[in-house]
Every structure is written in structure tokens, then in C-alpha cells.
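To keep things clear, I will list the structure first and then write my remarks on it.
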Amino acid sequence: MKPSNVFQLEMKTLFSGKRNLALKIGLTLLLGFPFVMVAMPLTVKVSGLMMLVLFTGFFGAAVTLVRRRTDGHTARLKLLPVPQWIILVDFVLSGALIDMLQTGIILALFVIVNGQGITGSTFIYAAGLFCITVVMLNIFGIVLGFVMESNPEVHLAAALTTGFFALISNLFPVPARLDRLIETISRYNPISILSDVLVDLGQDNVVVHDQPLLIPVLILVIFTGSVIFRSYDWGI
Amino acid sequence: MNNTSTTSIRIVNLTREYAPGRGVTGITLDIEPGECFAVLGRNGSGKSTLTRLLLGLERPDSGNITVLGNNSVYRSKDHLSNTGATLDTSIHWDRLSGWDNAFFVARNYRMPVKEIEHRLYNLFELADLTANAFDPVHTYSFGMRRKLSIIEALCHDPELLVLDEPTTGVDVQFQIKLSRLIKERTVKGFTTWISGNDPDWIAGVASRIAFMEFGKFIAAGTVDELIGEVAQFQEICVTINPPLEIPKPCNVDCSSYMQTGNSITILVDKNPGLVPEMMDWIVSQGGKINKVEVRQSTLSDAFLLKTGRALEE
């Protein structure tokens, strides 16, 4: 496949370097493995895995964008007669797909090892939530990457923001006076919803109603459709 | 001034300053279709900033640039589709092959795949890169990367070609082929913008040249016009033995005087009597003359004189 758009370019770049690919996936597996295999409370396991998803998605996207800018890649892309929003969508799509590959394996392992009573609908629900979470983190990461100018700046800002996301996603205990606020935010926050679903999966406690299932399915369909659409050179 | 629709590039009172004396200040210029315009300047004189402004990669503080009838700030599709550019650094996706990089760029200009392959084949051949076309770019040398950037700029045969420091690091064979190609484009009515600091190569391709210093154009004209302005000068190159330090003569008015080891380069008025006078001075200072060469003015001389940074600097 010869790359004809930024999405294909990013994917081909990833798969052309076997060492880099192995490192990317291997390191995530290595980091996530204790949370899958070691005996510890389920909430701690899930929080650890969600931190991995946060770091890979948000931190990764922000740092990658700044690196692309300092390398001159974004300037090079700006010279092409392609609308900037298409380039950004391609960055989000490719970034999210790569992150899903990295963290999806470890989450799948978690579900296999710790999950109980998984049905088709719970699987789709969890997969859809995972997809929303990763795409959202990539979008936020790219926004942060836009604002930050240098590598040290983005590393510091991304680390702090990742911590903030973890806090508002109820991944860690918060002071009692913030409880209600965090609780309210968590209700609409895909990171905390996914984290709850993973905990519930470990306890055979997932209840999926028809309505909440619709949005994750839609997201999965849109994401998969976009990936297929951008993977093919339509000759336009 | 001509109407915008007939000019390829129109720059009006353009200013972009990073700091006092850094960037470009008050540039006004019209470039017609079929012109090869070159900006010559020292490092940090503002050439690359001007090129980036032209490509819409930076916004001016004041003034405006119209490229092919479009304001460069908006980087319109029409502007970008008809422009091919290399920046001052070669930027590629290093893990991919040179061919993949060039294919990606060409495909984004909406060229049909067959046409891309045909065009790229010819350009890789021209750049002598065919044997390395499918090697990852990280295995390329600096010059090969530079050539690849130029291939990418030329792949869609653009109406406007913008080359920032195109000859840096590339071999003489490619420089000659590139200058031929630019001349062919000029004949076809296509416009080329070059910014660089290689006066000899630029003198051979450009139809009009501007010298840039401290973000301003300090002189502009054709090669002949610019050289004509310094034609009253001649350069005398003297090799002495042993390499004694010879001071600048006080009785002869030199435009510039520079000594490096046993080689002395002097720029003086074109007056036949001055050559023996200079020789007498060197001999009087204890220098033994090995070789004397009198050279006519070139674009480099014009550049050095106009930038006010004569040889002694």
C-alpha cells in the first residue's frame, strides 16, 4: 500500500518499523500485566489499567503532535492542498487506532482473566466505551499539543492534565467535599463509565439497557467506517 | 505596478519581525509569470522567513502577499494546489521509502496514480535516486534527502516552484540538471522562486535577483545589471611564499582586502595600473609572489559589495 493520506502515512510508518511496533505494544503489555495478573482489589486493577489508557491516549497524542511540529512534519503537511481539519481527523483516527491496538490487548486480557458472565451486548458496550474514550483522549491530546510549544512544556502539561482526568474520572479516592462534584462529572465521563463497566465485568454485574448501548454501537460503527474509508485510496 | 491577475507573486510593504532586525521589513515586489526570481542573502538575513510568508506558513505583521491571485495568509486550495515547495530543511517520514514519501505528496495533489508513477520515475532518474527509491529515508544522506524534497516539490509540475536553499548538500550533476529544468519551466511560463546563498548557481538560473540583508532588499535586478554595478572593480588573487602577513596597502584604495595563509584577495578599481602597484607593495613588504590571478566581477562580488560585508569581514 502506498500512502495517499495522513492516516495511511501514519499507519504505514507504524508498521514499517517492527522494532518500534514491538516496543509500543510490548511496553504497554509489560506495564499493564501486573494489573491483570497480580491479586489486588478489582478497583485498583481497573484504575491502573485506566491510567494506562489515559497516558497512552492523551499524553501520547499531545506529545506526538508537538514532536511532529518540532520535526517540521506539520509545516510540510500545511504545504499540501488538504484542508487542515482532514489532517487533524487523520491524526485522531490513526492515533486512536494505534492506542486501541496498544491498550486494547491488555484490556482484552483483563476481561479474559477477570471478566465474568460476558455477553455480546456487554462486550459491544465495553468496546464502544473504550472507542469513545480513546478517541476523546486523542482529541484532547491534540488540543493540548496545539497549545504547547515545546517538548518539556507538553510533557509537564500532559502529565498534570492526565492526573486531573484521573481525578475527575473517579479513578482514585477524592476528598469528601469533592465527592458530589466528581460523582456528577463521572456520570457523563466515558473514562469513569468504562472504568465502572470493567469493575462490573469483574463482578458479573453489568446491566446494559437498550438506550446506552445505542451510542457505543454508533460510535463503533462511525469509527470503523472512518478507518475503512481512510484506509482505501478512492482515487478521488 | 501590474495588475494582480497578471503577476504570479505580489508582495506589498511586507513586514514580519521576530525581534528588531530579525525577520523581514517593508518588502515590496512583483514577480511575473515565467520569471525565475532569486533572493540571495547571508544566513539569518530573512530569506527563509520571506519564503515561509510566501507559502502562508507565517502571518505577516503588516502588508500582504498575493500568490497566483490568492492572499497567501489564507493558504487557499488554489494557491497550494499550484505551488510546489521545499523548505530550508528536508522533512520526510524517515521510516518510509523515498518513493512512498514522494507518492504521498503527489497523491495529495490529486494526481492519478499512473501519472504519479510516470512522473516520479523520471524525477528519481533525474536526481539519480532510482537505485535508492525504495530504501527507507533514514538511510539517505543529507544530499539525497534534499533531492527528495525537490522531487516532491516538482512532482505535480507546479505553476509556482518555491525552493529554499535547493543546492545545499546536493552534487554538481544534480545542480546542473536542476538549473536546466528550471530554465525549461521558465520557457513554459512557470514561475520559480529561489532563496539561497549560492551566487554562482543562482546567477546561472535566475532571471532576476534581489540581495537581502537585515530583512530588507538592498539591491535587485538582472544578473547583468547587478554585476554591471560592480564592473568597475576587479579581484586580484595573489599567492605568496612564504606565508608572511602583508598589511593592507595604505597608498591604494582597496574596496576589500583579505589574507588567508599565503593567499591574498584584493578587490580594487578596474584600473590596469593598480595591479603592478599592488605587486610592488607586496614585494616591498617582503612577500615573494608565486602566482597572480586577475578575475572579473561576478555575482558573488556584487553580493559582497552590496551587502556591505566586504571580503575582510
Rounded to a whole %, the carbon-and-sulfur portion of the accessible area of segment A:42-136 at a 1.4 Å probe is 73 percent
Magnitude of the Cβ-charge dipole (Lys and Arg +1, Asp and Glu -1) of segment B:46-149 about the Cα centre, nearest 20 debye, reported as 220 debye
Long-range amide H partners of B:GLY41, meaning residues 5 or more apart or on another chain whose placed amide H is closer than 5 Å, are B:GLY196, B:MET212
Per residue of B:84-97, other chain Cβ atoms within 10 Å number on average 4
Taking R0 as 45 Å and r as the Cβ-Cβ distance between A:PHE172 and B:VAL172, the FRET efficiency 1/(1 + (r/R0)^6), rounded to the nearest 0.05, comes to 0.10
What helix-only [θ] at 222 nm does chain A give? Using -39500 (n - 2.57) per DSSP H run of at least 4, over all residues, to the nearest 500, the answer is -26000 deg cm²/dmol
Which of A:LYS12/B:LYS147; A:LYS2/B:LYS147; B:LYS47/B:LYS306 exceed 18 Å between C-alpha atoms? The answer is A:LYS12/B:LYS147; A:LYS2/B:LYS147
Rounded to the nearest 10 degrees, the helix B:113-126 long axis (Cα) sits at an angle to the longest Cα principal axis of chain B of 20 degrees
Sequence order, segment B:54-60: Karplus ³J(HN,Hα) from phi using 6.51 cos²θ - 1.76 cosθ + 1.60, θ = phi - 60°, Hz rounded, Gly and Pro as x, gives 4, 8, x, 7, 9, 9, x
The helix A:84-114 Cα axis meets the longest alpha-carbon principal axis of chain A at an angle in degrees, between 0 and 90 and rounded to 10, of 30 degrees
Taking alpha-carbon centroids only, segment B:138-192 lies from segment B:58-136 a number of Å equal to 11 Å
The simple spin-label model distance between B:GLU125 and B:TYR74, using points 7 Å out along Cα→Cβ, in nm, is 4.1 nm
Taking 0.36 nm per residue of separation between B:GLU225 and B:LYS183 and subtracting their Cα-Cα distance, the length gained on full extension comes to 13.2 nm
With DSSP loop assignment and no more than 15 other C-beta atoms within 10 Å, the chymotrypsin sites (Phe, Trp or Tyr not before Pro) in segment A:136-198 are A:TYR188
So A:GLN203 and A:ILE86, fully extended at 0.36 nm per residue minus their Cα-Cα distance, gain in nm 37.9 nm
Inter-chain shielding metric for B:103-110, i.e. average beta-carbon neighbours from other chains within 10 angstrom, reads 6
Given unit charges at Cβ for Lys, Arg (+) and Asp, Glu (-), the dipole magnitude of segment B:188-313 about its Cα centre in debye, nearest 20, is 260 debye
Buried by partner chains in segment A:55-91 (accessible area down by at least 50 Å² vs chain alone, 1.4 Å probe, heavy atoms, protein only) are A:HIS73, A:ARG76, A:LYS78, A:LEU79, A:LEU80, A:PRO81
If R0 = 41 Å, then A:LEU181 and A:THR70, at their Cβ-Cβ distance, give a FRET efficiency to the nearest 0.05 of 0.65
Once B:ASP94 and B:ASP200 are pulled to full extension, the length gained, defined as 0.36 nm per residue separation minus their Cα-Cα distance, is 35.0 nm
Taking every residue of A:6-13, the Cβ atoms of other protein chains inside 10 Å of its Cβ average out to 3
Burial-style ranking of B:276-285, B:7-16, average other-beta-carbon count within 10 Å with highest first, yields B:7-16, B:276-285
Given a Förster distance of 56 Å, the FRET efficiency implied by the Cβ-Cβ spacing of B:VAL292 and B:ASP135, rounded to the nearest 0.05, works out to 0.70
Ignoring ligands and nucleic acids, A:ASP196 exposes an accessible area, probe 1.4 Å, in Å² to the nearest 10, of 90 Å²
Chain B: antiparallel bridges as % of DSSP beta bridges, rounded to 5, reads 65 percent
Counting only protein heavy atoms and rolling a 1.4 Å probe, one gets per residue an accessible area for chain B in Å² of 43 Å²
One finds the C-alpha centres of segment A:85-109 and segment B:9-41 to be spaced, in Å, by 43 Å
Note, segment B:197-207: 3J(HN,Hα) by Karplus (6.51, -1.76, 1.60, θ = phi - 60°), whole Hz, Gly/Pro = x, goes 9, 10, x, 5, 5, 5, 4, x, 10, 7, 8
For A:ILE139, the accessible surface traced by a 1.4 Å probe with all protein chains present amounts, in square angstrom to the nearest 10, to 80 Å²
Between the Cα axis of helix A:6-16 and the main Cα principal axis of chain A, the angle (0 to 90°, nearest 10) is 80 degrees
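The values are calculated or read from the model by the stated rules, or taken from the named source; none is laboratory data. Note that the structure is predicted; figures quoted are calculated from it, not measured. So basically every Cβ, Gly included, is an ideal-geometry build from the backbone, and we count neighbours across all protein chains shown. Note: accessible area is taken over every heavy atom of the protein model, side chains too, but ligands, DNA and RNA are not part of it. Shrake-Rupley method; radii C 1.70, N 1.55, O 1.52, S 1.80 Å.
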